[in-house]
Amino acid sequence: MDLYEYQGKDLFRRVGIPVSAGRLATTPEEARTAAEELGGPVVVKAQVLTGGRGKAGGVKLADDPADAEAKARDILGLDIRGHVVHTLWIEKASDIEREYYLSITFDRGAKKPLFMFTTQGGVEIEQVAEENPDALVRLHVDPLAGFQPWVARRLVYGGGVEDPSEQKQIAAIVERLYRAFVEFDAMLCEINPLIVTPEGEVKALDSKFTVDDSGLFRHPDIAEWRDPTAADPIETFAREKHVTYVKLDGDVGVLANGAGLGMSTVDVVAHAGGRPANFCDLGGGGSAEGVVDALEVITRDEQVRSIFFNIFGGITRCDEVARGILAALERLDMSRYPIVVRLDGTNAEEGRRILADAGREDIHPEATMLDGARRAVELAGAAA
Amino acid sequence: MDLYEYQGKDLFRRVGIPVSAGRLATTPEEARTAAEELGGPVVVKAQVLTGGRGKAGGVKLADDPADAEAKARDILGLDIRGHVVHTLWIEKASDIEREYYLSITFDRGAKKPLFMFTTQGGVEIEQVAEENPDALVRLHVDPLAGFQPWVARRLVYGGGVEDPSEQKQIAAIVERLYRAFVEFDAMLCEINPLIVTPEGEVKALDSKFTVDDSGLFRHPDIAEWRDPTAADPIETFAREKHVTYVKLDGDVGVLANGAGLGMSTVDVVAHAGGRPANFCDLGGGGSAEGVVDALEVITRDEQVRSIFFNIFGGITRCDEVARGILAALERLDMSRYPIVVRLDGTNAEEGRRILADAGREDIHPEATMLDGARRAVELAGAAA
Amino acid sequence: MAIILDNDTRLVVAGLTGSEGRFHGLRNRAYGTNLVAGVTPGKGGQDVEGVPVFDTVADAVTEAGANTSLIFVPARFAVDAIYEAVDAGIGTVICITEHIPAHDMLRAYTYFRGKGTTMIGPNCPGVLSPGKANAGIIPAEIFSEGGVGLVSRSGTLTYQIGHELTQLGLGNSTIVGIGGDPVVGSSFVDVLEKFEADAQTELIVLVGEIGGDEEEKAAAYVAEHVTKPVLAYIAGFSAPPGKTMGHAGAIISGSSGTAQGKKEALEARGIAVGTTPTEVAQMVAERME
Amino acid sequence: MAIILDNDTRLVVAGLTGSEGRFHGLRNRAYGTNLVAGVTPGKGGQDVEGVPVFDTVADAVTEAGANTSLIFVPARFAVDAIYEAVDAGIGTVICITEHIPAHDMLRAYTYFRGKGTTMIGPNCPGVLSPGKANAGIIPAEIFSEGGVGLVSRSGTLTYQIGHELTQLGLGNSTIVGIGGDPVVGSSFVDVLEKFEADAQTELIVLVGEIGGDEEEKAAAYVAEHVTKPVLAYIAGFSAPPGKTMGHAGAIISGSSGTAQGKKEALEARGIAVGTTPTEVAQMVAERME
């Protein structure tokens, strides 16, 4: 689960990482009030779960409350890489002397947390890594031994920070960031930029924070932060129905059981010349009711022209899937969708017979995954 | 640092291990008041840093406040294995259905914390280990991975606890005891007995708690608990003077530099037929001032008849030690003590010359450790 | 021979008295796996269709000689079950449970790797050595014994490829589902090493997917250490960046973890990558002739 | 040859700019030890009598080729210095610092043992390989090069025995003070293993003291794995139970850890135990003839 800047900063504050004072606002008027309360110039920042908001005009300096209201009006409703701005973070403006970068991520390859630090902050870290790799200090932490003070020293001295007061402040932030990373089950905590003010104060000017979904049960307060308006509305609906669904931009609806087979099915549809409309994993259980829910989710996407069921039964029983398809056809308006069905594995024959016995013209059985994909692509083309 | 029962129970309470309500008392009157406040029958328990207080009459049941006052009168001032009772812990009496044993210690051999649990509680654990080893469950915890719930299950099921409510309560206590062990830098946390009341409630009826002296800087509140009245008065004085000193029961005062050489010197004095009065380590530095302090400590012991300086100079410089001896002779009343001095290692010749130049009859130089010990034993015998 | 599971496997199921543990445990036994024990705290002394249940894994080892643990307990208790198995001296741990917090697995991984335990999963379908033993949820009936070693991050995709192989008359030495989480107990490299050392395995099929860099590492490892032919399939060419595709580990972050990148890394090391499961199976058949 | 330290030793001193670190570090250099660097955070770029000082151990490894770390920093920072050295790839760590909390060392021990680091101490006098290198506070001038390996939990007692040996014309391969804390990086067994493998060492003297069971373990190890003659001395026969004798580890708990028990354990395995340091030296001289 990705957090908004203001949420990540809330977590930073909890572990003692310095951030600027700020207020949330969802209307230009609230932005004005926030600026009044904060006093002095403020920065009006779009809260969106994507990068590049600065270039897209989502971050603006405002000299006074009236200006804050005007800038808020500009930014609210902006579409930034497909994310519409509903929320603003109004923050006291900071003078910036230098911009650094600090992050800790989950290094899956090394199976260890990885710190990265550079004094070349304020730009994308990938760019630093590519153009000036020596300026980027990378350091792993042993997950059992945990954080040790030398880690902070290696980052700070290795990164070339020379001022002793800065060294000390950054070392403290490094240790606290590790605590945030572990305590909040984070997969990523990034501070970019980590700024030094003209007065020599170091603080986090932005936050990028990703929490492990599997760890959320330990953090009910963070789990409540999930913003249904942030995701695609169909994905939000899918989450409510407990259906694993990712929207793509095509016209062939895809259902499979299992994530790997699901990804492969999407690929094979593309390989057959089609454009998959989604990724959808029925999951291990694959009850008839689950099939109805998944079809309800998929058909919310108005682009869908045909549907391809690709089931390889293991725990999932093909007869159950077949019953689910028939139940959905009764309960939902499925008249627009030809359905291609490929069943194999557990109880596949029974499943095929159930569908055949239903004698419906809109159900198209196919014997293999590849043939099924081809047929679904063909039918989507015919329906377009 | 060993803690009193009431101090250990305070730490138990902090981590959530159930203990009975109680009050401290240092006079019979306070014991009466405590019993009144607690209500009902109480147990009056001598607070001493040694075992076997029960057999010595240091733990008594009192039916009412008047009885508590009487029992307190009996117990205060008792000498239990050389420890005089100054403090009592007045605790609400518990009905005991069963007595178990639970501890966690620092297993130096395995370099891991070691849990021990048995349902045969209430007796010395060494006895259980010897007579009924199968009844004692021993289980290590990996210090980096830390406590895992299965550890508690192995102890509880392995120990043969059958009641599910007891299993659950003990498992929780096991986890909390581990937390106490780590959080308070303990070397030993022992609950004996861990009782089950007739109502099925599990709680710690006693506590034995040893905190690592080197970890005390993290626990200033615990460090303050050190009771100067608990130790031998000369040892307490030595602690104030920062002299490493252990009182023994002989008449040859021993000073050496280094713990190993100190122990060895004590042994060699005994080997030479004498009775060492103490172990005393001058430490690595061995300044003249330190020598004066150590001599002041040693001569507080009225049994001392002669003193043996055994110095092998490494960092310690023998000339400095010699100067310290002469300074002490000037500043302290050392007239009763013949002093045997063996100097070797760094600046030994200069040290020997300094002593020789002083031309004192009460200083007896010897060339080897063994000869020095023999001479000191001989002089102690002559002085007796 | 085969790897991880064989005729010497003595399986204990953690969570045998739960509905999933019972269903799959007994299914594994019905296949011929030597299921010697179950573990459920508080249910020691009971049995599940004749399989004795113990309170602790240590008891299952001492009393029933268990040497392999199959974990079906819920996510919040699964990591504890892993530690328990490792500390009881179990040499092979297979964990089916999904949604284990990544930080918990990270610590557990560091711990059991130091102990030399073979761990498969979590969030995996398990391991099947056809004709010998099955531990997990892989539908054994669609596989037959043979010379193809199959290792995959995914369950159903493995069945799909296995099925295509079976239809071409090819069998498997062992099928290993390493799991789709960010931290899994055994990587492709770990399993490749075992297949390389296994006499029964003649050819290895590696089934990868987007996310992480295990496929890239596997490619490098194969080039240096594997003498047997290796073929591959990668799922997720159509996946958009930044979205997890069902598995917590299947996510493209920035420019890393893409299917195309993995395909190129594999091909650069001479490992042919099939475009569809069907094509991979055909490629295997050609090599095995 | 010798063990732990030899002519290939490239020493970095953690805390070289502190008074103790400077005094002993320079003394070690004066003896002939190849002191290549010091480490003090914030003092990188300075030097101590020509020895370059770095901010981090990693820099000392990269820039000065350090392979052995000698730690003189205060107790509260010493464990961090151990971790730092281990993670910087230092193969041998010698820690003189005393009063390190036992729990901190317990965790550090578990960590560095998993990495294969050789660690000596803490709370120890260091290591001396006469004629080659000295790291720590052992007064090197009283020792000479020879065939006796000496391992001890104590500092001055070691000097005493070494001195007696020197007076009998005997020299040492290496003198190792393993330290007097409850948890030390290398046990007697670890050092015995090295002496057994060392060509220069002809005979081993083990100097133990009350507390713990490392002497008992050493006795068992010698009986099974050591072909060279081993002699021993134990200090603390007159020590009362329950009192720490200077070293945090020197405490008799209940009936375990007594000098008599250790003596008996050693003698039961055929290891002669001298009654005084002088007697031990004489016994060595007899064996070395």
Practice task
Take region A:209-227 and flag every residue that is in a helix (DSSP H, G or I) and either in contact with a helix residue (DSSP H, G or I) (Cβ under 9 Å, 6 or more places away or on another chain) or of a type in the set (D, E, K, R) (or both).
Solution key: A:Asp213, A:Ser214, A:Gly215, A:Leu216, A:Phe217, A:Arg218, A:Asp221, A:Ile222, A:Ala223
Problem - Lone unmet requirement of (1) in contact with an Asp or Glu (Cβ under 9 Å, 6 or more places away or on another chain); (2) facing chain D (nearest Cβ under 10 Å) for B:Val254 - result: (1)
Handout entry: Unmet criterion (only one of (1) β-branched (Val, Ile, Thr); (2) out of contact with any strand residue (DSSP E or B) (no Cβ under 9 Å at 6 or more places or on another chain); (3) within 14 Å of D:Gly149 (Cβ to Cβ)) for D:Ile252
Key = (3)
Fill in the blank from the handout: Screening B:Pro198, B:Pro149, B:Pro193 for residues that are touching a Phe, Trp or Tyr at 6+ places or on another chain (Cβ under 9 Å) and either buried (at least 21 other Cβ atoms within 10 Å of the Cβ) or away from chain C (no Cβ under 14 Å) (or both) leaves only B:Pro193
Completion exercise
Filtering region A:287-298 for residues that are surrounded by fewer than 24 Cβ atoms within 10 Å (Cβ to Cβ) and farther than 12 Å from A:Tyr245 by Cα leaves a count of 5
Exercise for the section: Go through region A:262-275 and give me each residue that's closer than 14 Å to A:Ala294 by Cβ and either in contact with a Gly (Cβ under 8 Å, 6 or more places away or on another chain) or outside the structural domain of A:Val297 (by TED's automatic domain parsing) (or both). Expected result: A:Gly262
Exercise for the section: Would you check if A:Ile96 is in contact (Cβ under 8 Å) with a residue 12 or more places away in the chain and assigned to a strand (DSSP E or B)? Expected result: no
Exercise for the section: Run down C:Gly155, C:Gly136, C:Gly147 and say which single residue is modelled with pLDDT under 90, in contact with a strand residue (DSSP E or B) (Cβ under 7 Å, 6 or more places away or on another chain) and not charged (D, E, K, R). Expected result: C:Gly155
Problem - Set B:Val377, B:Val340: member being in contact with a strand residue (DSSP E or B) (Cβ under 9 Å, 6 or more places away or on another chain), aliphatic (A, V, I, L, M), in a strand (DSSP E or B) and at pLDDT 95 or above - result: B:Val340
Exercise for the section: Give B:Asp301, B:Asp333 a once-over and let me know the one that is in contact (Cβ under 8 Å) with a residue 60 or more places away in the chain, in a loop (DSSP other than H, G, I, E, B) and more than 25 Å from D:Glu279 (Cα to Cα). Expected result: B:Asp301
Completion exercise
The condition of being outside the structural domain of C:Val176 (by TED's automatic domain parsing), within 19 Å of the chain's Cα centre (by Cα) and under 24 Å from C:Ile100 (Cβ atoms) holds, among C:Leu11, C:Leu16, only for C:Leu11
Completion exercise
Considering residues that are part of a loop (DSSP other than H, G, I, E, B) and within 18 Å of D:Val222 (Cα to Cα), the number found within region D:171-189 is 3
Handout entry: Count of residues meeting criterion [hydrophobic (A, V, I, L, M, F, W, C) and more than 15 Å from C:Leu26 (Cβ to Cβ)] in region C:127-137
Key = 2
Exercise for the section: Scan region B:216-249 for residues that are under 20 Å from B:Arg305 (Cα atoms), facing chain D (nearest Cβ under 9 Å) and either modelled with pLDDT of 95 or more or surrounded by fewer than 16 Cβ atoms within 10 Å (Cβ to Cβ) (or both) and jot them down. Expected result: B:Asp249
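Rundown of residues vs (1) out of contact with any Asp or Glu (no Cβ under 7 Å at 6 or more places or on another chain); (2) closer than 28 Å to C:His103 by Cβ; (3) within 10 Å of chain D (Cβ to nearest Cβ); (4) assigned to a strand (DSSP E or B), yes/no style:
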site	(1), (2), (3), (4)
A:Met116	yes, yes, no, yes
A:Arg138	yes, yes, no, yes
A:Val161	yes, no, no, no
A:Ser165	yes, no, no, no
A:Ala171	yes, yes, yes, no
Exercise for the section: Might you let me know whether region A:265-285 holds any residue that is within 14 Å of chain C (Cβ to nearest Cβ), surrounded by 21 or more Cβ atoms within 10 Å (Cβ to Cβ), closer than 25 Å to C:Ile138 by Cα and in contact (Cβ under 8 Å) with a residue 60 or more places away in the chain? Expected result: yes
Handout entry: In region B:263-284, the residues that are charged (D, E, K, R) and more than 20 Å from the chain's Cα centre (by Cα)
Key = B:Asp267, B:Arg275
Practice task
Out of the residues in region C:135-162 that are out of contact with any Pro (no Cβ under 9 Å at 6 or more places or on another chain) and in a strand (DSSP E or B), state the one that is farthest from the other protein chains (Cβ to nearest Cβ).
Solution key: C:Gly147
Problem - Restricting region B:101-146 to residues that are touching a residue at least 60 places away in the same chain (Cβ under 8 Å) and small (Gly, Ala, Ser), the residue that is surrounded by the most Cβ atoms within 10 Å (Cβ to Cβ) - result: B:Gly121
Exercise for the section: Hey, could you check region B:329-345 for residues that are more than 14 Å from every other protein chain (Cβ to nearest Cβ) and among the hydrophobic types (A, V, I, L, M, F, W, C) and say which is surrounded by the most Cβ atoms within 10 Å (Cβ to Cβ)? Expected result: B:Val340
Problem - Qualifying position, being in a loop (DSSP other than H, G, I, E, B), touching a residue at least 40 places away in the same chain (Cβ under 8 Å) and not acidic (Asp, Glu), among B:Gly57, B:Gly8, B:Gly77, B:Gly51 - result: B:Gly51
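Listed here are the residues, each with its yes/no results for (1) aliphatic (A, V, I, L, M); (2) at pLDDT 95 or above; (3) over 30 Å from B:Leu38 (Cα atoms).
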site: B:Gly52; (1), (2), (3): no, no, no
site: B:Gly57; (1), (2), (3): no, no, no
site: B:Val84; (1), (2), (3): yes, no, no
site: B:Trp89; (1), (2), (3): no, yes, no
site: B:Glu130; (1), (2), (3): no, no, yes
Completion exercise
Taking first residues from region A:312-328 that are touching a residue at least 40 places away in the same chain (Cβ under 8 Å) and surrounded by 22 or more Cβ atoms within 10 Å (Cβ to Cβ) and second residues anywhere that are in a helix (DSSP H, G or I) and among the acidic types (Asp, Glu), the pairs with Cβ under 8 Å that are 6 or more apart or on different chains are none
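The values are calculated or read from the model by the stated rules, or taken from the named source; none is laboratory data. Just so we're clear, the structure is a prediction, and the values are computed from it rather than from any experiment. Note: ideal-geometry Cβ built from the backbone for every residue, glycine included; neighbour counts use all protein chains shown.
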